[in-house]
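For reference, the structure is listed below as structure tokens.
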Amino acid sequence: MTLLDRFILEFDTALRSVVGGANAGRPIPGSEVGGSTTLNADERKHAAGLMRVNHVGEVCAQALYQSQKLVARNSQIQEMLDHSGQEEMDHLAWCETRLKELGSHTSYLNPFWYAGSFAIGLAAGLAGDKWSLGFVAETEKQVENHLESHLQKLPEDDHRSRAIVDQMRLDEIAHGQAAMHAGGVNLPEPIQKMMQTMSKLMTTTAYKI
Ligand SMILES: [Fe+2]
Ligand SMILES: [Fe+2]
């Protein structure tokens, strides 16, 4: 691929993250239960709020993986980031589909989330590969915990959303492990705390808008 091809591809990914139209490489989980829903209006609204939070998380994941890949110094690390990033694209597409099935919308603040995460990913990437990979691993760990909490909060009968969140959770665990195997280090505790605070801000906002 030429540099221009790469640029167009990455730009297309960014655009699909922010405005929608993501394509999944794998089928959407929960095909056995289908996308139709027997939830009442309140349950549907709650499920949509949670799935919107997850969708925003995946918008951030695209921005982080793209920016870190851009400044990674090692081609093997770039390939690993690229592979995880493609699975994040599946997550993005699945959440988008589920939001539509629930009759809801993605966050209106997606351009803001994307831009902020891209800047953070760039900073992490420029700090050097071991910190960048540590940042990926810590992010994935926090996302894993967060998805686990969603499995508690989602309406019991929302089998489709649950199947999606559970597959995402398994993938995030693998992404974190891949980053640590590639040479990631544990981040200092103040940085971990700062990341938790920022994700709290993101999750409370995205639930509503
Ligand atoms: Fe993800
Ligand atoms: Fe991930």
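Observations on the model:
- Comparing MET194, MET89, MET51 in a Gaussian network model of the chain where C-alpha atoms under 10 Å apart are linked, the largest mean-square fluctuation is found at MET194.
- Overall form of the range 104-172 per C-alpha gyration tensor (a/c, 1.5; a/b vs b/c): oblate
- Separation of the alpha carbons by more than 19 angstrom is noted, of LYS153/LYS200; LYS153/LYS208; LYS69/LYS193; LYS45/LYS141; LYS130/LYS200; LYS141/LYS193, for LYS69/LYS193; LYS45/LYS141; LYS130/LYS200.
- Helix axis angle, 110-126 relative to the chain longest principal axis, alpha carbon, degrees: 30
- Local electrostatic count at LYS153 - Lys and Arg +1, Asp and Glu -1, tallied over other residues with Cβ under 12 Å: -3
- Accessible surface of the range 1-146 [probe 1.4 Å, protein heavy atoms]: carbon and sulfur percent: 61
- Difference of contour (0.36 nm per residue) and Cα-Cα distance, GLN78 to LEU126: 15.9 nm
- Nearest-ten-degree value, helix 3-19 long axis tilted from longest Cα axis of the chain: 30
- Contour excess over end-to-end distance, with Cα ends at LYS45 and LEU170 and 0.36 nm allotted per residue: 42.5 nm
- Gain upon complete extension [GLN152, VAL19; 0.36 nm per residue less C-alpha separation]: 44.9 nm
- Between the alpha-carbon centres of the range 80-149 and the range 17-63 there is a gap of 14 Å.
- Karplus (6.51, -1.76, 1.60) ³J(HN,Hα), θ = phi - 60°, over the range 33-44, in Hz, Gly and Pro reported as x: 9, x, x, 6, 9, 9, 6, 7, 4, 5, 5, 5
- Residue-by-residue Karplus 3J(HN,Hα) for the range 148-163, coefficients 6.51, -1.76, 1.60, Hz, glycine and proline x: 4, 5, 5, 5, 7, 8, 5, x, 4, 8, 7, 5, 5, 4, 4, 5
- Solvent-accessible heavy-atom area per residue, rounded to whole Å², over the chain at 1.4 Å: 51
- GNM on the chain, alpha-carbon springs under 10 angstrom: the most fluctuating residue among THR37, THR139, THR13 is THR37.
- Helix-only mean residue ellipticity at 222 nm for the chain, each DSSP H run of n ≥ 4 adding -39500 (n - 2.57), per residue, nearest 500: -27000 deg cm²/dmol
- Computed over protein heavy atoms with a 1.4 angstrom probe, the accessible surface ordering of PHE135, PHE112, largest first, is PHE112, PHE135.
The values are calculated or read from the model by the stated rules, or taken from the named source; none is laboratory data. Everything quoted here is computed from the prediction, not taken from an experiment. Cβ coordinates were reconstructed from backbone atoms using ideal geometry, including for glycine residues, and neighbour counts include every protein chain displayed. Just the protein is used for accessible areas: all its heavy atoms, side chains included, with ligands, DNA and RNA removed. Shrake-Rupley method; radii C 1.70, N 1.55, O 1.52, S 1.80 Å.
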